[in-house]
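Every number here is computed from the coordinates shown, using simple stated rules; none is lab data. Please read all numbers here as calculations on a predicted model, not as lab measurements. As a convention, Cβ positions derive from the backbone with ideal geometry for all residues, glycine included, and neighbour counts pool all protein chains shown.
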């Protein structure tokens, strides 16, 4: 398909989504929750059709890696889990209409800052078909329309899930244009979405670094995303050894493939006597340790870290580790090598913790907790559409509230300014 | 200067600003307020030098229009007013460090959402030299570094004001790199700022539509701005005639050149009997009225509106005016022709007002008040760096709070996730 054809297609989708977004913005909480629940019910009803569509995708996917096939694969249990996740979204508090702040001016004008939906959200994702439901229904619950562009390897699964969502919208009396699946797998459609200023209000990429990098590079529409999760855990000299060991093991090893996994371990030189126990525990758990000279001396299994290790998001059971000369050195290392995602200090020294929390310039900064808590569910948001490391709009896990903006309403009694 | 030279220059400025931003982010309120007051004092001290520099700019500006020269011109009273405005900024409440929200999770983790500065703000402006102080010192008070690029016609004035600001920073012990004036008038420097992703966190253009359009078109860095202020005042059928007349006159005529001035007047067909009095009042005040057929019939001085009038921001004593068929038609007109800036309804009918406030998708929506209240000062913000009509981050007048973002701090007692 030519670029102009794709642009025209996206413009058409965008205008329809914009119209639907107007109805959604005015839908009440019960109406939106009802539509999300109806979509969940339709997904359960259509479990066989979705499973069959997914089997077709798997059959077509012989060229893919095992990891990709695992992300792509659905089974009836996974499909039911998608429906359950949708029901959980319907249970969340609706942020739209919340009065964030209200105040009066001496001239009698009364001001309210009211939460409103963002508008039209573009979701660009890869092989996980559950994103079709998870992301779309989070957008819906926050009163937004969504334009969904999934990976071509999941085309049949996405269509089947999307069909169920449309049934849900229809059952709830909401317009089908509110949740649109881009009908072509042409990559030019992604480019057209990224340039659709005025039609799409925000783009949320869900997938690997290559996808996110392309989106951030090409997009003219604002993007909510994180490129890297180079998260640090810093063991301060006043750390409790047992706590430090438990947290470091969890932060690195609980799940190594998530963006909140710790990639670099910083240990105070003044805590060097507790370092070997932590390094040993990581090695015993099967973690590869790439250390500076001091860490290298602690166990012969430690490999030497190369300069690029400090800037690497492994997403694997590998950690880079070095000694630092106290709090300032740790903060400086994080400022230089971090990705403004999530960083933690382990210490019993409250003043050191406060300085770390204040001075580390990341979306999420922690004291005595595992970086793996960087997650919308763990924040109590009930879900998340992604984690943002940009500085504007929303930072950290983004859920319903991050899918809204605000307007100011002013009520007067005839006030004029002149 | 070549593009690459400009890019290198801006990269150098940006890195210095980034370092300075780190100190500013940690400066306390008293320190920042002290620096802003010291800058105000230095502006007063240097009034003669600033006045002389401005006279040089005026002398060099023979090719400019009278309106531009008026924007460019300073005199001792105007310079003192710049210093007074700076003192007013120093009196504002510091938003940084504010705990926006705090909550706990059942596992004992305690969460705080804390306001932090945006980082490095790029200000691109035209001939008004007061922006050098106003914008820079608002950024400073919110803990941000600023990179300032003023119009070439104001180069001497801007340098003189900037020198005073640097004296203020120095007196207060803050780094000079926090407030940088781009040292070249080469237009390529503007392009380099717009592409300085990672060095500049946000661009705020201050000036006419051509400047804002160029910035929005070219910028890779997020932009906080409004392109148009096509503001509407809608006289509902349940409006009080006297109030409607007073508000419409103020909304259109108090100052016609500001973005919150009403450009289009919508009057209910059901209120057609009160329309002539409003139209007449506008004409008597010297406003040109461009009306639809019905408005045209009300006075022979009314000119016929052409289709493009409904999409025009006049910024002059001209108003487009038409009858609408009730609330829905008014809301539809605003959705089609508005610029999401500020729109008002005049009515005694509370239910109609509520629907208008809910359904009009603009940054500011008003009931029984003049659209000319679209102003940071009138909002009680004490100042404004601009008005934003984008959907993300900040909408409406942007002052100190809009120059901040947030991070989440999490405090635990050794929690792990696994």
Original post:
To the nearest 0.05, what FRET efficiency results for residue B:332 and residue B:8 with a Förster distance of 51 Å applied to their C-beta separation?
Top reply: 0.50
**OP:** Would you mind classifying the range B:343-405 by shape? Square roots of the alpha carbon gyration tensor eigenvalues, ordered a ≥ b ≥ c; an a/c under 1.5 is rounded, otherwise it is prolate if a/b is larger than b/c and oblate if not.
**Re:** prolate
**OP:** Find the relative contact order for the range A:131-239 and round it to a whole percent, using C-alpha pairs within less than 8 Å whose residues are 6+ positions apart.
**Re:** 20 percent
Subject >> Cα gyration tensor, the protein assembly as shown - rounded (a/c under 1.5), prolate or oblate >> reply: oblate
Subject >> Per-residue Cβ neighbour rank within 10 angstrom, fewest leading, A:202, A:58, B:69 >> reply: B:69, A:58, A:202
Original post:
In which sequence would A:184, B:404 go, from the one with the fewest C-beta neighbours within 10 Å to the one with the most?
Top reply: A:184, B:404
**OP:** Report, to the nearest 10°, how far helix A:241-253 tilts away from the longest principal axis of the Cα atoms in chain A, using its own Cα long axis and a range of 0 to 90°.
**Re:** 50 degrees
Original post:
What order do you get for A:376-385, A:120-129 when each peptide is scored by the mean count of other beta carbon atoms within 10 Å, highest first?
Top reply: A:120-129, A:376-385
Original post:
Which value in deg cm²/dmol, rounded to the nearest 500, describes the helix-derived mean residue ellipticity at 222 nm for chain A, given -39,500 (n - 2.57) per DSSP H run of n ≥ 4 and division by the residue count?
Top reply: -13000 deg cm²/dmol
Original post:
With each label point set 7 Å from Cα along the Cα-Cβ vector, what nm distance links residue A:98 and residue A:285?
Top reply: 3.3 nm
Original post:
Can you give the angle from 0 to 90° between the axis of helix B:209-218 and the longest principal axis of chain B, with both taken from C-alpha atoms, to the nearest 10?
Top reply: 60 degrees
Subject >> 0 to 90° range, to nearest 10: angle between helix A:130-141 axis and chain A longest Cα axis >> reply: 60 degrees
**OP:** Can you figure out the FRET efficiency of residue B:110 with residue A:316, using R₀ = 30 Å and their beta-carbon distance, to the nearest 0.05?
**Re:** 0.45
Original post:
What average number of partner chain Cβ atoms lie no more than 10 Å from the Cβ of the residues making up B:106-117?
Top reply: 3
**OP:** Could you please rank B:210, A:413, placing first whichever residue has the fewest other Cβ atoms within 10 Å of its Cβ?
**Re:** B:210, A:413
Original post:
Given Cα pairs under 8 Å that are at least 6 residues apart, what percent is the relative contact order of the range A:231-373?
Top reply: 34 percent
Subject >> Shielding by partners, peptide B:400-412 (average Cβ within 10 angstrom, other chains) >> reply: 6
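Between residue A:63 and residue A:77, what length comes free when the chain is fully extended (0.36 nm per residue of separation minus the Cα-Cα distance, one decimal in nm)? Mind showing how you got there, number by number?
On the way: separation 14, 0.36 × 14 = 5.04 nm, distance 2.53 nm.
Taking residue A:63 through residue A:77 to full extension adds about 2.5 nm, to one decimal.
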Subject >> Contact order normalised by residue count of chain B, Cα under 8 Å, 6+ apart, percent >> reply: 18 percent
Subject >> Shape of chain B, Cα gyration tensor, a/c cut at 1.5 >> reply: oblate
Original post:
What residue among A:96, A:302, A:190 has the largest mean-square fluctuation in a Gaussian network model of chain A, using Cα springs under 10 Å?
Top reply: A:302
Original post:
Which whole number gives the average, over all residues in A:86-97, of C-beta atoms from other chains lying within 10 Å of the residue C-beta?
Top reply: 0
